[in-house]
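Here the structure comes first, spelled out in structure tokens, and everything after it is commentary.
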Amino acid sequence: MGLRREARELALQMLYALDSNSAAGLRETLQIFREEQSDVAGKVREFAEELVQGVHAQRAVIDEAIRSRSKNWSLSRMPRIDLNVMRMAAYELMFRSDIPKKVTINEAIEIVRRYGDKESPAFVNGILDEIEACAKTEVTGEE
């Protein structure tokens, strides 16, 4: 497994923890993971924390992007794994120009294939494809 895949999976764990325990803040969650994952390579932890902090900072924008593209699904009805994988990937698609869009989508699909249920990859792919297309249009001005 590559360093970035490992980092994304660690970030998913942190995002899930934040989502599951609203009383724990970002700083506390990051500290707990630093202590529990002390054997994780520095670059892995650094990228994972960048993703978590980015999703946390842009969560309202990211959630609106997901909400507006999910037909007949409210965020509260979505499986937590699917939602947090989409949040992480949407952050990369919308705010990280240094990561190729196709890599982001493929990584999200592989992670949700591993941790989600059998319908998760298609659902996540559909939402992220729409977010990617919109992000591309906003950057290039193409329709």
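The values are calculated or read from the model by the stated rules, or taken from the named source; none is laboratory data. As the structure is a prediction and not an experimental result, all values here were calculated from the model. Don't worry about glycine lacking a Cβ; one is built from the backbone with ideal geometry, like all the others, and counts go over all protein chains shown.
Looking across segment 1-36, the residues that are aliphatic (A, V, I, L, M) and touching a residue at least 12 places away in the same chain (Cβ under 8 Å) come down to 3, 7, 10, 11, 12, 14, 15, 17, 18, 26, 30, 32. Output the number of residues of segment 92-133 satisfying the condition of being among the charged types (D, E, K, R), touching a residue at least 12 places away in the same chain (Cβ under 8 Å) and not in a helix (DSSP H, G or I). Matching residues across segment 92-133 total 2.
Checking each residue in segment 47-62 for being touching a residue at least 12 places away in the same chain (Cβ under 8 Å) and in a helix (DSSP H, G or I) picks out 47, 48, 49, 51, 52, 53, 54, 55, 56, 59, 61, 62. Against the definition (exposed (fewer than 12 other Cβ atoms within 10 Å of the Cβ), at pLDDT below 95 and touching a helix residue (DSSP H, G or I) at 6+ places or on another chain (Cβ under 9 Å)), how does residue 14 come out, yes or no? For residue 14, the condition - exposed (fewer than 12 other Cβ atoms within 10 Å of the Cβ), at pLDDT below 95 and touching a helix residue (DSSP H, G or I) at 6+ places or on another chain (Cβ under 9 Å) - is not met. Residues that are in contact with a Gly (Cβ under 6 Å, 6 or more places away or on another chain), surrounded by 16 or more Cβ atoms within 10 Å (Cβ to Cβ) and under 19 Å from residue 4 (Cβ atoms) occur in segment 61-83; there is at least one.
Residues checked against (1) among the charged types (D, E, K, R); (2) modelled with pLDDT of 95 or more:
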| site | (1), (2) |
| --- | --- |
| 1 | no, no |
| 26 | no, no |
| 31 | no, no |
| 51 | no, yes |
| 54 | no, yes |
| 66 | no, yes |
| 71 | yes, no |
| 76 | no, no |
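Restricting attention to segment 22-45, the residues that are under 21 Å from residue 91 (Cα atoms) and loosely packed, with under 13 Cβ neighbours inside 10 Å add up to 4.
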